[in-house]
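First the structure, in the form of structure tokens, and then the observations on it.
The values are calculated or read from the model by the stated rules, or taken from the named source; none is laboratory data. Computed from a predicted model, the values in this text were never measured in an experiment. Cβ sites come from the backbone with ideal geometry, for glycine too, and all protein chains shown count toward neighbours. Side chains are part of the model used for accessible areas, which takes the heavy atoms of the whole protein and leaves out ligands, DNA and RNA. Shrake-Rupley method; radii C 1.70, N 1.55, O 1.52, S 1.80 Å.
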Amino acid sequence: MADTDTAAASMPTLQVLTQYTKDLSFENPGAPESLQPAGQPQIGIQIGVNARPIRDGDFEVELKIEAKAERGGKTLFAVELAYAGVFRAQNVAQETMHPFIMIECPRMLFPFARQIVADTVRNGGFPPLMIDPVDFVTLYRERMAKTPPSNVLAS
């Protein structure tokens, strides 16, 4: 039984200490004309993740979502959200800390950020923007192919 307790105590863990909206912006430049139904808009979505250490084992992770809808070359709406959380990582090997933080933390933040974006767009007079689930592993790999990880997550 003691071996089981020791093994459990040394397992990597990730704890959410807090989460919050860091920045939120919504623009509806063509209202009220833009609110009239006139076909499907072109919607572009960008998602980014940043992290920084706060103290030993604690990290702030920021999920940034930018979405813009256009029709006929005119902006219908633009929304930008920076949604963040403070996480505590324990028993994570240093060589796996970067992917652990940059994949698992935004995966935990995403459902909340997605709901904020949907509600904000709906409150702007449009149908809610329901962002498809994000594959944070692929997003991480694409980012690392462009820019290898730095030691910014080293505490």
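Based on this model, can you work out whether Pro99 counts as in a helix (DSSP H, G or I) and without any contact (Cβ under 8 Å) to a residue 24 or more places away in the chain? No: the conditions fail for Pro99. Sub-9 Å Cβ pairs linking a first residue in segment 20-41 that is over 30 Å from Pro106 (Cβ atoms) to a second residue that is small (Gly, Ala, Ser) and open to solvent by 60 Å² or more (accessible area, probe 1.4 Å), at least 6 apart or interchain, are Ala38/Gly72; Gly39/Gly72, ordered by first then second residue. Return yes when Ile101 is more than 23 Å from Leu129 (Cα to Cα) and either in contact with a helix residue (DSSP H, G or I) (Cβ under 6 Å, 6 or more places away or on another chain) or open to solvent by less than 40 Å² (accessible area, probe 1.4 Å) (or both) and no when it is not. Yes: the conditions hold for Ile101.
No other residue among Glu27, Glu33, Glu66, Glu70 is acidic (Asp, Glu) and within 18 Å of Arg143 (Cβ to Cβ) apart from Glu66.
For segment 104-123, the condition of being β-branched (Val, Ile, Thr), outside any strand (DSSP E or B), under 23 Å from Phe26 (Cβ atoms) and open to solvent by 20 Å² or more (accessible area, probe 1.4 Å) holds for at least one residue. Among the strands (runs of 3 or more DSSP E) confined to segment 1-93, the ones with at least 1 residues that are of a type in the set (A, V, I, L, M, F, W, C) and touching a Pro at 6+ places or on another chain (Cβ under 7 Å) are located at 42-55, 58-71, 74-90. Does Gly39 satisfy being touching a Lys or Arg at 6+ places or on another chain (Cβ under 7 Å), surrounded by fewer than 17 Cβ atoms within 10 Å (Cβ to Cβ) and modelled with pLDDT of 95 or more? For Gly39, the condition - touching a Lys or Arg at 6+ places or on another chain (Cβ under 7 Å), surrounded by fewer than 17 Cβ atoms within 10 Å (Cβ to Cβ) and modelled with pLDDT of 95 or more - is not met.
Looking at this structure, is Lys64 exposed (fewer than 15 other Cβ atoms within 10 Å of the Cβ), free of Cβ contacts under 8 Å to residues at least 60 places away in the same chain and of a type in the set (D, E, K, R)? No; evaluated as a whole, the condition is false for this residue.
The set of residues in segment 70-92 being of a type in the set (Val, Ile, Thr), modelled with pLDDT of 90 or more and either within 18 Å of Pro12 (Cβ to Cβ) or open to solvent by 20 Å² or more (accessible area, probe 1.4 Å) (or both) consists of Thr75, Val86.
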